[in-house]
Amino acid sequence: CHFIIHQHCQLNVPPMCTIPYSTVSKILGEDRPKPPIENCNKRGTTSSSIGFSTFDPLPGFPLEKQQRISLPKFNDFEYVGRLGSGGYAQVYCVQHILSKQYFAIKVADGTNEQARQQLEVEKQILFRYSDGNPYMIKAYCAFHQGSNLFLVMELVQGGTLSHKIQIRRMDENDIRFYVAQLICVLQYLHSKNIVYRDLKLEHAIVNSTGSIRLIDYGLGRLLKTPDDTCHTFCGTYSYMAPEVRRLEKSTSNEGYSYPVDFWALGVMFIQMLWGEQMDFSHQMFPNGNEETHAPRNLAQTLELPRYISPAAHSYVMGLLENDPEKRLGSPNSPHGSIREHPFFKSGHPINWQEIDEGIFKAVHKAPTITFTESDRSSHPSLSILQLDILDKDVSAKVEWLAAGKSTCTSVEEERFKSFDYISESTSLEFI
């Protein structure tokens, strides 16, 4: 019947053969009930509720510069190792063959609508806002190969905060230093009406100077106005604020906003104190029933190490307030300003001007890990730590090479071409 439809819309439309177009138009024009709140596995994450059409088109090049700008291709990069994998994407360490520079490339299947949307959201956030904050990972370009999408980002040579707590327990000076940087980047995102929604130890990479880079923006939600709210049940379960957890079973229209990021920061704070990752569900719901019982106030029931200072205790209690309006970081919090708390004035006090500018004299070096001489000789420019944490399994390289052989139809090619982008400020990296 030659009915034309986007491939990614097929699951939402019934077979159209023999149905008159006038009938189709009438059906599509009818009001539909809103879909139920999206759910997820408790240990996993869900897709973002943002549509990337919310953003205006990214800025392009002046016409006179377009002739000399060449978007990188898959074959311009050499595989080094896999950095990590998630629910919808793989991240690889690669070397740009011409410039010999190292980059991190995130790869997602463009035919998977959830994967495509999350990577598009991340691309939009990074290209629009990462230059305005020293703690956001930087993106250089985006391109496609067949049906696969590739986002090229800076390679941060270091380990995540999760790596650091596995090596040794942090003292309060360490935690103060990292928390201050995270506050800086979270407040910056919030000033752009973005709720990050997936803050956790694994998403904060510490480079060789101790500076953090926040990664993985696929669950980010751009609010239309500062007073708007989110309504999607998403994120990593052990870091979810009570107002997000309620959405898993609730049918109410109550939403959530920026304070969910400060709750997750409180969870990270405790994990860094204890030196291990943990889930606090059993303390929030001691009877194990989250459906019929409101969460207990974690700030009042949580067991903290005896060696914690009163200032640190007060700070983490403020972050873990059940009421988002009272939570530290909220404008009307009874705990005061998130930056002016006594915790940041004790021990090695924080100089907020240095933190905001990202030019502090760091004393928190990345941990040293052993490496093999063969790895070191092959990639002498990579740090010892970076070489150690790379996944050099043969299957990872096979997956990378397979991603570069992906093909697509001419119709899909037009669709995926819209993902391609390189900003003028970073294009010189590849010229």
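Below is a table of values for the structure above.
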item: Karplus-derived HN-Hα couplings along segment 139-155 (A = 6.51, B = -1.76, C = 1.60, θ = phi - 60°), whole Hz, x at Gly and Pro; result: 10, 10, 6, 9, 8, 10, 10, x, 9, 9, 10, 10, 10, 8, 10, 5, 8
item: Taking S337, S85 and counting other C-beta atoms within 10 Å, the order from fewest to most; result: S337, S85
item: HN-Hα J in Hz across segment 177-192 - Karplus 6.51, -1.76, 1.60, θ = phi - 60°, x for Gly and Pro; result: 5, 6, 4, 4, 5, 5, 4, 4, 6, 5, 5, 5, 4, 4, 5, 9
item: Length added when fully stretched, N253-I308, from 0.36 nm per residue minus Cα-Cα; result: 15.9 nm
item: Extension gain (nm, one decimal) between R169 and K192, 0.36 nm per residue minus Cα-Cα; result: 4.9 nm
item: Coil-residue trypsin sites (Lys or Arg not before Pro) of segment 193-243, DSSP, other Cβ within 10 Å capped at 16; result: K224
item: Value in Å of the Kirkwood radius, where segment 78-208 supplies the Cα pairs that are averaged; result: 16.0
item: HN-Hα J in Hz across segment 160-173 - Karplus 6.51, -1.76, 1.60, θ = phi - 60°, x for Gly and Pro; result: 6, 4, 5, 4, 5, 6, 6, 8, 7, 6, 7, 8, 5, 5
item: Coarse-grained scattering of segment 159-357 at q = 0.13, 0.16, 0.17, 0.19 Å⁻¹, given as base-10 log I(q)/I(0) from a Debye sum over alpha-carbon atoms; result: -0.68, -1.06, -1.22, -1.55
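No value in this document is a laboratory result; all are computed from the given coordinates. Keep in mind that what you see is a predicted model, and the values were worked out from it rather than measured. Counting neighbours? That spans all protein chains shown, and the Cβs are built from the backbone with ideal geometry, glycine included.
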